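The values are calculated or read from the model by the stated rules, or taken from the named source; none is laboratory data. Owing to the predicted nature of the structure, the values given are computational and were not obtained by experimental measurement. We place every Cβ from the backbone using ideal geometry, glycine too, and count neighbours over all the protein chains shown. Accessible surface is based on the protein model in full, side chains and every heavy atom, while ligands, DNA and RNA are left aside. Shrake-Rupley method; radii C 1.70, N 1.55, O 1.52, S 1.80 Å.
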Amino acid sequence: MKSVFIYIVLSFCCLPVAFSQTLAEAKDLYLKGEYAKALPVFEAEYAAKPNDANINHWYGVCLFETGGDRVQAEKNLLFASQKRIQDSFYYLGQLYTGEFRFAEATEAFNKYESMLKKKDDDARARLEEKRKEMSRLNRVVSNTEDIQIIDSVVVDKTTFLSAYKLSHSSGRLDYFDKVFTSNKRVESTVYFNEKETKIYYAQPERNGSYTLYSMEKLLDKYGNEKRLSATNFNLTGDLNYPYVMADGVTIYFSAKDYDSLGGYDLFVSRYNMNNDTYLAPERLNMPFNSLYNDYMMVVDEEKGIGWFASDRFQPEGKVCIYTFIPNKIVKIVESDDEKYMAGRARITSIKDTWLKGQNYSQLIALARKAPKEEVKVIRDFEFVINDGNTYYKLADFKDKTARDTYFRVVQMKSDLKSVSEKLDNLRSIYGKSSQEARRTMTTEIIDLEKKQDQLQRQIPPLEVQARNQEIQSLQ
């Protein structure tokens, strides 16, 4: 009986020591910035000691740094701030900044600064960076675009394209891994224009970062791969999820650069036919962009709606697809109400974006409706052999020699089209150009005219040759 009593006494004596060591380890992890590892301990400590200011602060910081419950984090940090724990004001300022509560963020940062020691230059430098972030976000939120978001649906990220119901005139989208063969999973998409004569896509470079490419339809496959972002876009990091408007000029895409609001931001650029480059891309306003990943912007002019994807407020593996009515001219939300502006920028409620008395039910139904499947006849070209035979693709040829001859015809016709388009473009801008530019253009025009004439003379004899070769095989 005595030995049992001694064991119980020793056990209770040891409990405080074990408890303090666990808390000490958590504080050590906290100081190293390993917030996820420290979080469970502080969570348990907070449950046991909800009125301990230091534990409230540590727990609140860990929740904030790991992207946990922001409401709980604010509650803990507010409690700590009431006990004048200095760093709690610094974290409250960041939390309020992320929620676009800029007046409260300014007040929290000011209180933090007032508590700093005069020679604490490092802390002041960190504070200045956070104030710059807050100022930038404040400017961005004040430029939130006034759009009507009429619908939203949460889907698995792996199948998110299922929410995009494009009309045929707007082309189609597919996943990279379904279009191309790759040794490893490539997280990007492929856009096909309406006639599927051109595709745009992103793929990883050797360093692992994604960049944009295009290819043209060549007979029964795509070729002439062209890297769009080598010199065209002055952006760092990944470029992904391209979509090109029916005009063939306007391109939407997503990018991660040093100035991104979140991960992926949405951009728009336009193709400059004069020098075969793209204009400097423009970052879209909020609410298209956020502090999270925003990508795959699509505008369907036939339906009069658009879609974009965002993982804001979503659990891992999920993404929200928003449906909106595109503006012909960019309009900015006008309001002095900071809370209202924050809601519009963050899309806390899509109904807040609706116009009074407007019924969007028919447009929502149209946006959700998939276009009817079209029966497509594959026609790469139209080549009359004789009264009874007209060929539309190379596979129609019976004779290999005839097929090879006509393949040269197809290539030359593609070259002729390209040369003719360049000539038309140069001629259209010739009169508007400077004298020096016209001298350069004159030489280029003469060269292109010679090439155009040569191709126009070479193609007909080759067509006759291919036709005769094929007719002989048919006899």
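Kindly state, to the nearest 0.05, the FRET efficiency for Ala48 paired with Gln86, given R0 = 22 Å and r defined as their beta-carbon distance.
Using R0 = 22 Å, I get an efficiency of 0.35.
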Worksheet item: Taking H as built 1.01 Å from N, whose amide H comes closer than 5 Å to the amide H of Thr277, not counting residues under 5 places away?
Response: Asn272
Discussion item. In whole Hz and in residue order, list the ³J(HN,Hα) couplings for region 281-298 that follow from phi through the Karplus curve 6.51 cos²θ - 1.76 cosθ + 1.60, θ = phi - 60°; x for Gly and Pro.
Written reply: x, 10, 6, 5, 6, 5, x, 4, 9, 8, 7, 10, 7, 10, 7, 6, 7, 9
Discussion item. Placing +1 on the Cβ of each Lys and Arg and -1 on the Cβ of each Asp and Glu in the chain, which of Leu266, Phe79, Thr405 has its Cα farthest towards the positive end of the resulting dipole?
Written reply: Phe79
Item to complete: May I ask you to give the percent of accessible area on region 351-465 that is carbon plus sulfur, with a probe radius of 1.4 Å?
Response: 49 percent
Fill in: Cα shape, region 315-367, gyration tensor, a/c 1.5 rule
oblate
Worksheet item: In nm, to one decimal, how far is the modelled label at Arg457 from the one at Lys226, with both set 7 Å along Cα→Cβ?
Response: 2.9 nm
Item to complete: Could you give me the radius of gyration and the Dmax of region 62-118, taking only the C-alpha atoms into account and expressing both in angstrom?
Response: 10.8, 34
Worksheet item: Among Ile445, Asn359, Leu63, which residue has its Cα positioned farthest towards the positive end of the charge dipole of the chain, with +1 placed on the Cβ of Lys and Arg, -1 on the Cβ of Asp and Glu, and the dipole taken about the Cα centre?
Response: Leu63
Worksheet item: Taking a quarter of the surface of the convex hull around the Cα atoms of region 155-242, what do you get in nm²?
Response: 6.7 nm²
Worksheet item: Relative to the Cα centre, what is the charge dipole magnitude of the chain, using +1 at the beta carbon of each Lys and Arg, -1 at the beta carbon of each Asp and Glu, and rounding to the nearest 20 debye?
Response: 120 debye
Practice prompt. Extending each Cα 7 Å along its Cβ direction at Gln411 and Lys118, get the distance between those two points in nm, one decimal.
Written response: 8.0 nm
Worksheet item: Can you pull the Kirkwood radius for the chain, inverse mean 1/r over Cα pairs, to one decimal in Å?
Response: 27.6 Å
Worksheet entry | Length-normalised contact order for region 388-475 - Cα pairs under 8 Å, 6+ apart - percent | 50 percent
Discussion item. Based on Cα coordinates alone, diagonalise the gyration tensor for region 33-140, multiply each eigenvalue by 5, take square roots, and list the semi-axes in whole Å, largest first.
Written reply: 23, 16, 12
Practice prompt. When a/c is below 1.5 the answer is rounded, else prolate if a/b is larger than b/c, else oblate, so apply that to region 324-473 with a ≥ b ≥ c taken from the square roots of the Cα gyration tensor eigenvalues.
Written response: oblate
Item to complete: Could you state, as a whole-number percent, how many of the C-alpha pairs of region 365-424 are farther apart than 14 Å?
Response: 70 percent
Fill in: Net charge of neighbours whose Cβ lies under 9 Å from the Cβ of Lys217, counting Lys and Arg as +1 and Asp and Glu as -1
-1
Worksheet, complete the sentence: Taking a ≥ b ≥ c as the square roots of the Cα gyration tensor eigenvalues, with a/c under 1.5 meaning rounded and otherwise prolate when a/b beats b/c or oblate if not, region 226-314 comes out oblate
Practice prompt. Please turn the phi angles of region 442-455 into ³J(HN,Hα) values with the Karplus equation 6.51 cos²θ - 1.76 cosθ + 1.60 (θ = phi - 60°), one per residue in order, whole Hz, x for glycine and proline.
Written response: 4, 4, 5, 5, 4, 5, 5, 5, 5, 5, 4, 5, 5, 5
Discussion item. Please list Lys117, Lys165 from largest to smallest accessible area, probe radius 1.4 Å, with all protein chains kept in place.
Written reply: Lys117, Lys165
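Find the all-direction average of the projected area of the Cα convex hull for region 248-392, expressing the result in square nanometres with one decimal place.
14.9 nm²
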Fill in: Segment Lys318-Tyr392, length gained on full extension (0.36 nm per residue, minus Cα span)
22.2 nm
Worksheet item: At a 1.4 Å probe radius, carbon and sulfur cover how many percent of the accessible area of region 178-312?
Response: 43 percent
Fill in: Net charge dipole size for region 259-317 [Lys, Arg +1 and Asp, Glu -1 on Cβ; Debye, nearest 20]
100 debye
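With the contact rule set at Cα under 8 Å and sequence spacing of 6 or more, what percent relative contact order holds for the chain?
11 percent
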Item to complete: Starting from the amide H of Lys318, placed 1.01 Å from N in the peptide plane, find each other amide H under 5 Å away whose residue is 5 or more places distant or on another chain.
Response: Lys157
Worksheet item: What accessible area per residue comes out for the chain, rounded to a whole number of Å², with a 1.4 Å probe?
Response: 58 Å²
Response to the item:
region 139-199 and region 65-92 have their Cα centres apart by a whole-number Å value of 39 Å
Practice prompt. Grab the beta carbon distance between Thr348 and Asp259, set R0 = 35 Å, and tell me the FRET efficiency rounded to 0.05.
Written response: 0.90
Worksheet, complete the sentence: Asn272 and Gln358 label points (each 7 Å along its Cα→Cβ direction) are spaced in nm at 3.5 nm
Worksheet item: Around Ile347, with a cut-off of 15 angstrom between Cβ atoms, what is the net charge of the other residues, counting Lys and Arg +1 and Asp and Glu -1?
Response: -2
Discussion item. I'd like the Karplus ³J(HN,Hα) series for region 309-322: coefficients 6.51, -1.76, 1.60, θ = phi - 60°, whole numbers in Hz, and an x wherever there's a Gly or Pro.
Written reply: 9, 8, 9, 4, 6, 10, x, 4, x, 10, 8, 9, 9, 9
Response to the item:
Excluding residues fewer than 8 positions from Lys217 in its own chain, the lysines with Cα under 21 Å of it are Lys178, Lys195, Lys198, Lys226, Lys376, Lys393, Lys413, Lys417, Lys422
Discussion item. Tell me the mean residue ellipticity at 222 nm calculated for the chain from its helices only (DSSP H runs of n ≥ 4, each -39500 (n - 2.57), averaged over every residue, nearest 500).
Written reply: -15000 deg cm²/dmol
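Taking 0.36 nm per residue of separation and subtracting the Cα-Cα distance, what length does fully extending Ala370 through Asp424 add? Can you show the working numbers first?
Working: separation 54, 0.36 × 54 = 19.44 nm, distance 3.82 nm.
Extra length from Ala370 to Asp424 when fully extended: 15.6 nm.
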